[in-house]
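The values are calculated or read from the model by the stated rules, or taken from the named source; none is laboratory data. Everything numeric in this text was worked out from a predicted model, so none of it was measured. Don't worry about glycine lacking a Cβ; one is built from the backbone with ideal geometry, like all the others, and counts go over all protein chains shown.
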Amino acid sequence: MSTNYVYGTGRRKEATARVRLLPGDGSIVVNGKDAADYFGGTAGLAQLRVPFRVTETEGRYSASVLVAGGGFSGQAGAIRHGIARALVSAHPDSRGALRAAGMLTRDPRAKERKKYGLKRARKAPQYTKR
(Lines give C-alpha, C1' and ligand atoms only; values in the text may rest on other atoms or scores of the structure.)
Protein backbone atom coordinates (compact mmCIF):
# COMPACT_ATOMS: atom_id res chain seq x y z
CA MET A 1 0.00 0.00 0.00
CA SER A 2 1.58 3.28 -1.08
CA THR A 3 0.98 6.56 0.71
CA ASN A 4 0.48 9.39 -1.76
CA TYR A 5 -0.04 12.13 0.83
CA VAL A 6 2.28 14.55 2.61
CA TYR A 7 2.02 15.40 6.27
CA GLY A 8 2.65 18.59 8.25
CA THR A 9 2.12 19.67 11.84
CA GLY A 10 1.26 23.26 12.67
CA ARG A 11 0.96 25.05 16.00
CA ARG A 12 -0.31 28.44 17.14
CA LYS A 13 -1.09 29.52 20.72
CA GLU A 14 -2.60 26.38 22.32
CA ALA A 15 -3.84 24.88 19.03
CA THR A 16 -2.19 21.95 17.22
CA ALA A 17 -3.13 20.92 13.69
CA ARG A 18 -2.21 17.68 11.94
CA VAL A 19 -2.48 18.31 8.20
CA ARG A 20 -2.54 15.67 5.46
CA LEU A 21 -2.30 16.92 1.86
CA LEU A 22 -3.57 14.64 -0.89
CA PRO A 23 -3.70 15.28 -4.64
CA GLY A 24 -7.21 16.65 -5.20
CA ASP A 25 -9.51 19.52 -6.05
CA GLY A 26 -8.56 22.03 -3.33
CA SER A 27 -11.14 21.12 -0.69
CA ILE A 28 -10.21 21.50 2.98
CA VAL A 29 -11.84 19.25 5.58
CA VAL A 30 -11.35 20.19 9.25
CA ASN A 31 -12.29 17.63 11.92
CA GLY A 32 -14.66 15.89 9.49
CA LYS A 33 -16.45 19.08 8.41
CA ASP A 34 -15.93 21.36 5.43
CA ALA A 35 -13.69 24.29 6.43
CA ALA A 36 -16.42 26.83 5.58
CA ASP A 37 -18.82 25.07 7.96
CA TYR A 38 -16.19 24.63 10.67
CA PHE A 39 -15.03 28.27 10.75
CA GLY A 40 -18.39 29.82 9.84
CA GLY A 41 -17.00 33.09 8.47
CA THR A 42 -14.57 33.86 5.71
CA ALA A 43 -11.75 35.26 7.88
CA GLY A 44 -10.46 31.88 9.05
CA LEU A 45 -11.13 30.26 5.70
CA ALA A 46 -9.14 32.89 3.78
CA GLN A 47 -6.17 32.34 6.10
CA LEU A 48 -6.10 28.62 5.25
CA ARG A 49 -5.74 29.24 1.52
CA VAL A 50 -2.77 31.65 1.74
CA PRO A 51 -0.01 28.96 1.59
CA PHE A 52 -1.57 27.56 -1.59
CA ARG A 53 -1.68 31.05 -3.14
CA VAL A 54 1.95 31.78 -2.22
CA THR A 55 3.18 28.53 -3.79
CA GLU A 56 0.71 28.74 -6.71
CA THR A 57 -0.70 25.27 -5.95
CA GLU A 58 -4.37 26.25 -5.52
CA GLY A 59 -6.70 23.47 -6.61
CA ARG A 60 -3.94 20.85 -6.79
CA TYR A 61 -4.22 19.50 -3.24
CA SER A 62 -7.02 18.58 -0.87
CA ALA A 63 -6.32 18.94 2.84
CA SER A 64 -7.58 16.70 5.60
CA VAL A 65 -6.98 18.32 8.98
CA LEU A 66 -7.34 17.25 12.61
CA VAL A 67 -7.07 20.25 14.92
CA ALA A 68 -7.37 20.44 18.71
CA GLY A 69 -6.95 23.08 21.40
CA GLY A 70 -7.28 26.85 21.41
CA GLY A 71 -9.93 28.97 19.75
CA PHE A 72 -10.86 29.52 16.13
CA SER A 73 -8.15 32.11 15.48
CA GLY A 74 -5.40 29.91 16.94
CA GLN A 75 -6.72 26.88 15.08
CA ALA A 76 -6.78 28.74 11.76
CA GLY A 77 -3.17 29.84 12.33
CA ALA A 78 -2.13 26.31 13.26
CA ILE A 79 -3.76 24.87 10.11
CA ARG A 80 -2.04 27.50 7.96
CA HIS A 81 1.32 26.60 9.53
CA GLY A 82 0.68 22.87 9.00
CA ILE A 83 -0.33 23.35 5.35
CA ALA A 84 2.82 25.39 4.72
CA ARG A 85 5.02 22.69 6.28
CA ALA A 86 3.31 19.97 4.26
CA LEU A 87 3.79 21.97 1.05
CA VAL A 88 7.53 22.21 1.79
CA SER A 89 7.60 18.41 2.14
CA ALA A 90 5.87 18.06 -1.23
CA HIS A 91 7.78 20.86 -3.03
CA PRO A 92 11.15 21.67 -1.38
CA ASP A 93 11.73 24.46 -3.94
CA SER A 94 8.76 26.41 -2.51
CA ARG A 95 10.53 26.84 0.85
CA GLY A 96 11.92 30.28 -0.03
CA ALA A 97 8.54 31.72 -1.02
CA LEU A 98 6.85 30.38 2.12
CA ARG A 99 9.71 31.59 4.33
CA ALA A 100 9.52 35.09 2.79
CA ALA A 101 5.76 35.17 3.44
CA GLY A 102 6.37 34.17 7.08
CA MET A 103 4.41 30.92 6.85
CA LEU A 104 7.10 28.56 8.17
CA THR A 105 7.87 30.47 11.37
CA ARG A 106 5.91 29.25 14.38
CA ASP A 107 4.26 32.27 16.02
CA PRO A 108 5.76 32.28 19.53
CA ARG A 109 3.12 34.56 21.06
CA ALA A 110 1.10 32.86 23.76
CA LYS A 111 -0.91 33.83 26.82
CA GLU A 112 1.29 35.16 29.60
CA ARG A 113 1.06 33.39 32.94
CA LYS A 114 -0.71 34.94 35.92
CA LYS A 115 1.62 36.25 38.64
CA TYR A 116 0.97 36.02 42.36
CA GLY A 117 -0.23 39.24 43.99
CA LEU A 118 -1.88 40.30 40.72
CA LYS A 119 -5.36 39.70 39.39
CA ARG A 120 -4.15 38.67 35.92
CA ALA A 121 -0.77 38.54 34.19
CA ARG A 122 -0.21 42.30 34.64
CA LYS A 123 -3.35 43.78 36.20
CA ALA A 124 -2.69 44.82 39.80
CA PRO A 125 -5.25 45.53 42.53
CA GLN A 126 -6.21 49.19 42.81
CA TYR A 127 -3.63 51.19 44.76
CA THR A 128 -4.64 53.50 47.63
CA LYS A 129 -2.19 55.56 49.63
CA ARG A 130 -3.96 55.05 52.97
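Taking the numbered list (1) within 17 Å of residue 7 (Cα to Cα); (2) more than 11 Å from the chain's Cα centre (by Cα) in turn, residue 84 passes all entries but (2). If you scan the stretch 33-73, which residues turn out to be more than 20 Å from residue 101 (Cβ to Cβ) and among the acidic types (Asp, Glu)? Those that are more than 20 Å from residue 101 (Cβ to Cβ) and among the acidic types (Asp, Glu): 34, 37. Being among the aromatic types (Phe, Trp, Tyr) and surrounded by fewer than 12 Cβ atoms within 10 Å (Cβ to Cβ) holds for only one residue in 7, 116, and it is 116.
Does residue 87 meet the test of being in contact with a strand residue (DSSP E or B) (Cβ under 9 Å, 6 or more places away or on another chain), surrounded by 17 or more Cβ atoms within 10 Å (Cβ to Cβ) and not charged (D, E, K, R)?
Working: in contact with a strand residue (DSSP E or B) (Cβ under 9 Å, 6 or more places away or on another chain): yes; surrounded by 17 or more Cβ atoms within 10 Å (Cβ to Cβ): yes; not charged (D, E, K, R): yes.
Criteria met by residue 87.
Of the residues making up the stretch 1-47, those that are of a type in the set (Phe, Trp, Tyr) and under 11 Å from residue 80 (Cα atoms) number 0. Checking each residue in the stretch 1-49 for being among the polar types (S, T, N, Q) and modelled with pLDDT under 90 picks out 2, 3, 4, 42, 47. Condition test on residue 56, is it out of contact with any Ser or Thr (no Cβ under 6 Å at 6 or more places or on another chain), surrounded by fewer than 21 Cβ atoms within 10 Å (Cβ to Cβ), at pLDDT below 95 and closer than 30 Å to residue 125 by Cα? Taking the combined requirement at face value, the residue does not satisfy it.
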